[in-house]
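Written out below as structure tokens is the structure these notes cover.
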Amino acid sequence: MEDEEIEKKVIAYLKRKGFMQTELALQEELGRLSSSSHPDLPRTENGVARYHDGYSKLRSWAYSSLDLYKHELLRVLYPVFIHCFMDLVAAGHMQDARVFFRTFREDHDLMHLRDLQKLEGVLSPQHLEEMELARSLRHSKVNIKLCEYSYDLLLQYLQKTQALTMLGVINEHINFQVSPGQPTSISDDADVVSLIGSSQEIAKQINQKEIHWGLLEDSLEERSERTHSDSEKVEGENKEVDPEENKKRSVEGGKQGVPVKKLKKDKVVGTLGKNVRSETSTASMAPRVKAELTLPVMPAEAEQSILEDLRNRVQLSSLALPSVSFYTFVNTHNGLNCSAISHDGSLVAGGFSDSSLKVWDVSKIGQATKTFNMQGEGEAPQNEHLLGSDDGKRSYTLFQGHAGPVYSATFCPLGEFLLSSSSDSTIRLWSTKLNSNLVCYKGHNYPVWDVQFSPVGHYFASSSHDRTARVWSMDRIKPLRIMAGHLSDVDCIQWHPNCNYIATGSSDKTVRLWDVQSGECVRIFIGHRGMVLSLAMSPDGRYMASGDEDGTIMVWDLSSGRCVSPLMGHSSCVWTLAFSCEGTLLTSGSADCTVKLWDVTASMKPPRIDDNKTGGMSRLRLLKVLPTKSTPVYTLQFSRRNLLFAAGALNKC
């Protein structure tokens with residue numbers, strides 16, 4: 001007690017003399033001393049009450065702050081809350097810790113539900129060391145970004161209230177990154193708090209590695225672009241040579257019954273299409289890189305077919321949105337886990353909980369469903385097909401072989417092979433021509449959540465509950481590479497367009513980019529507040545989109561490893577993402593039964609001064625929402641001609 005009285009008198013003296021910096025330094029030192037011995041602090045009832053009362057007062061002060069700074073100050077509450085709880089647990093005051101946890105957890109349920117559910121299972125001091133999340137939180141600092149004025153407000157509060165317990169927790173577990181100027185916007189919250197400080201430091205080191213995000217040399221897209229530019233030159237020369245002949249043709253077209261308005265409209269659309277192609281074809285401007293993998297030789301017929309698709313590709317933009325073909329699975333009885341669509345949309349696959357894999361031929365579905373009572377789910381521009389209608393005949397091809405629920409399926413680029421992954425920890429390769437299983441790949445130790453063919457076929461990648469991702473080739477039964485580093489399940493996986501990298505999304509709320517050749521992690525993307533469920537790469541390979549269980553989509557720059565733009569709008573899990581072929585649009589499908597179209601070009605532009613004043617929301621441009629009646633969207637995929645395919649299971653609530 002004598003020491004406390006002396007401390008109070010010294011602080012009162014410094015305050016009276018106006019030595020603010022000295023007073024603050026003394027308080028920080030006292031807080032550091034108290035926090036270093038904090039396991040002994042709550043041994044008395046008075047010590048336990050300090051945590052409850054101190055946090056309660058800090059919470060009331062933060063919520064009553066000015067609106068301009070409130071969202072920044074509220075960021076401090078969550079780390080203080082969990083560390084107060086864990087300090088009480090470490091001191092053996094389990095009952096008081098439970099009361100504290102139940103009293104204040106509602107404030108944080110919305111943003112940190114999964115972490116709180118894990119921490120709720122901490123029932124003894126031993127659990128703090130056994131649980132990976134609790135251990136990482138206790139042995140590292142939280143990085144929080146605040147503007148200078150918000151930081152000063154927080155220091156003044158701690159100084160005036162003599163909240164030594166809270167000051168000790170903050171000093172020990174929080175690292176403030178103070179920036180001059182105005183407070184950051186609320187939409188940037190995901191990028192300003194990182195709960196695992198050590199991971200943040202590791203990410204900074206890893207993200208300094210050089211990556212080559214360009215496209216492969218002499219790719220089919222590059223050949224198509226060259227052909228298109230050559231044809232445009234020829235057209236330009238023809239127009240210059242004989243303008244009178246073109247004029248006569250247009251007059252003859254008008255005489256033959258084609259309305260003049262339609263001719264004008266076609267001319268405008270044609271001009272718009274050319275402008276869009278020259279301005280927004282990001283792939284043509286991307287740098288070229290060499291392949292690190294040995295690429296398979298593509299058959300000449302398949303190559304010609306793909307080039308034909310690329311020549312006839314519809315150019316999309318914010319003014320020219322895609323047509324959508326939606327495949328709805330009916331009568332699934334909640335058994336559908338995943339779906340896949342071939343690149344040309346001719347085949348649709350579904351993976352089921354009864355360990356079966358079913359494949360529908362779309363051309364046969366159209367004929368069979370003419371006699372069915374079709375109930376449209378979408379709007380007028382959306383074509384729909386029902387899969388699984390019971391007419392007494394099997395309208396699909398049944399693939400059986402897995403010994404557990406099928407969680408993922410993917411078609412190879414040419415559609416002749418199909419991969420599926422299951423809870424039985426295996427991956428199976430199927431032939432869509434022979435309708436049989438060709439290979440069973442074993443290597444994972446636990447359920448395989450996702451599997452994806454590479455853009456060139458032959459190679460594929462998988463992700464699993466065993467916290468690893470693996471790269472395989474069709475002709476080898478063992479994996480070529482094993483990528484380990486995630487702290488929890490690897491839920492989704494995606495190839496980079498140049499096949500030199502793969503991206504993985506995890507339940508640890510991070511996304512990682514891996515070098516396929518070396519197996520090393522070259523980027524860590526931190527910012528999501530929930531498990532990452534979906535990934536997509538832009539066609540030029542520069543950007544990546546990731547969607548999480550909270551409905552947030554984040555667009556990342558692979559070069560810098562930073563978030564370019566968060567996209568808010570979904571109210572539930574984002575299960576699938578897809579970029580349009582020229583990279584101007586991003587589509588997202590969600591458990592909230594909607595497909596959303598986003599203007600990616602607007603989101604990736606550098607912010608203007610006006611954007612900063614409005615919180616940057618004008619950059620996050622949602623173009624259109626396509627709702628279904630009651631069908632969560634499982635799969636989205638653009639065909640090579642830019643038709644958007646979607647699939648989901650009708651949910652009869």
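Assorted remarks:
- Sulfur and carbon atoms: percent of accessible area, the range 100-174 [1.4 Å]: 51
- Sparse-neighbourhood loop sites, trypsin sites (Lys or Arg not before Pro) in the range 455-498 - DSSP loop, at most 13 other Cβ within 10 angstrom: ARG476
- For ASP548, the residues whose modelled amide H falls within less than 5 Å of its own, excluding neighbours fewer than 5 places apart on the same chain, are LEU533, VAL574.
- Rel. contact order, % - alpha carbon contacts under 8 angstrom, at least six apart, the range 39-157: 27
- Cα gyration tensor shape for the range 81-154, rounded if a/c is under 1.5, else prolate or oblate: prolate
- Amide H partners (placed H, <5 Å) of VAL511, local residues excluded: PHE525
- By accessible area, using a 1.4 Å probe on protein heavy atoms only, the range 471-574 has 46% of its surface on carbon and sulfur.
- Ordering 203-214, 287-298, 521-532 by mean Cβ neighbour count within 10 Å, with the highest value first, yields 521-532, 203-214, 287-298.
- Extension reserve of the VAL297-ALA403 stretch, reckoned as 0.36 nm per residue once the Cα distance is removed: 34.8 nm
- When each of the peptides 70-79, 126-135 is scored by how many other beta carbons lie within 10 Å of its residues on average, the order from highest to lowest is 70-79, 126-135.
- Under a 5 Å amide H cut-off, with hydrogens placed 1.01 Å from N, SER140 pairs with nothing among residues at least 5 apart or on other chains.
The values are calculated or read from the model by the stated rules, or taken from the named source; none is laboratory data. Just so you know, these numbers come straight off a predicted model, no measurement behind them. As a convention, Cβ positions derive from the backbone with ideal geometry for all residues, glycine included, and neighbour counts pool all protein chains shown. Each accessible area value is taken on the protein alone, full model and side chains, heavy atoms only, with ligands, DNA and RNA left out. Shrake-Rupley method; radii C 1.70, N 1.55, O 1.52, S 1.80 Å.
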